[in-house]
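The values are calculated or read from the model by the stated rules, or taken from the named source; none is laboratory data. The structure displayed is predicted, hence computed values, not measured ones. Don't worry about glycine lacking a Cβ; one is built from the backbone with ideal geometry, like all the others, and counts go over all protein chains shown. Note: areas computed on protein heavy atoms with side chains; ligands, DNA, RNA excluded. Shrake-Rupley method; radii C 1.70, N 1.55, O 1.52, S 1.80 Å.
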Amino acid sequence: MTTNCIKFTSADIETAKGVGSISTLTFDLDITVEPVASTNPMAPTHRVLGRSPRGKLVECGGIWKKQNKETGADYYTLTIRDHGFNANLGKAANQDDLSLQAIIPWGPKDAA
């Protein structure tokens, strides 16, 4: 598996499960993502699960569906709580497979 990508079970990301990995200079995490069924519009679309040092799956973040305010296009963001890691998901480079999403990091939001 390519680092900093999630391979979903289908191109319909909102309802698909997935597996992937995130590697940075401060952490290296294999992840599993599972869809969340919720009627709350603020709820994440997926739970992000990582492995504890003893190998147990623990919830460590989420994926949310957002909408670009200028274009109206849908996109997804990912957060890993314990590491303050935030990213967007997007089509992986040199790939036509929409079920393979690159994890594109961006910095933490500045406290206002």
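Between Q67 and R54, what is the label-point separation in nm under the 7 Å Cα-to-beta-carbon projection?
4.5
Using unit Cβ charges (K, R positive; D, E negative) and no other charged atoms, how large, in debye to the nearest 20, is the dipole of the chain about its Cα centre?
Charge dipole of the chain: 280 debye, to the nearest 20.
For the chain, go through all pairs of different Cα atoms, get the mean of 1/r, take its inverse, and jot down that Kirkwood value in Å.
Working: mean 1/r = 0.0691 Å⁻¹.
It is 14.5 Å.
Taking amide hydrogens as modeled 1.01 Å from N in the peptide plane, which residues meet the under 5 Å criterion relative to H46, leaving out close sequence neighbours?
For H46, whose amide H was placed from the backbone, the distant partners under 5 Å are V36, I63.
Could you derive backbone 3J(HN,Hα) for region 33-50 from the dihedral phi with the Karplus parameters 6.51, -1.76 and 1.60 (θ = phi - 60°), listing whole Hz in sequence and x where the residue is Gly or Pro?
Running phi through 6.51 cos²θ - 1.76 cosθ + 1.60 with θ = phi - 60° gives 10, 10, x, 10, 9, 8, 8, 6, x, 8, 6, x, 7, 9, 8, 10, 10, x Hz.
Counting heavy atoms of the protein chains only and a 1.4 Å probe, report the per residue accessible area for region 5-104 as a whole number of Å².
Details: 6090 Å² over 100 residues.
So region 5-104 comes to 61 Å² accessible per residue, rounded to a whole number.
What part of the accessible area of the chain, given as a whole %, is carbon or sulfur when the probe is 1.4 angstrom?
51
R81 versus E14, label points 7 Å from Cα toward the beta carbon: distance in nm?
Between R81 and E14, the simple spin-label model gives 2.5 nm.
Between T9, N88, C60, whose Cα lies farthest towards the positive end of the dipole of region 5-104 when Lys and Arg beta carbons carry +1 and Asp and Glu beta carbons carry -1, centred on the Cα centre?
Ranked along the dipole, the leading option is C60.
In nm, what is the difference between 0.36 nm times the number of residues separating T24 and A37 and their Cα-Cα distance?
So the extension gain works out to 1.7 nm.
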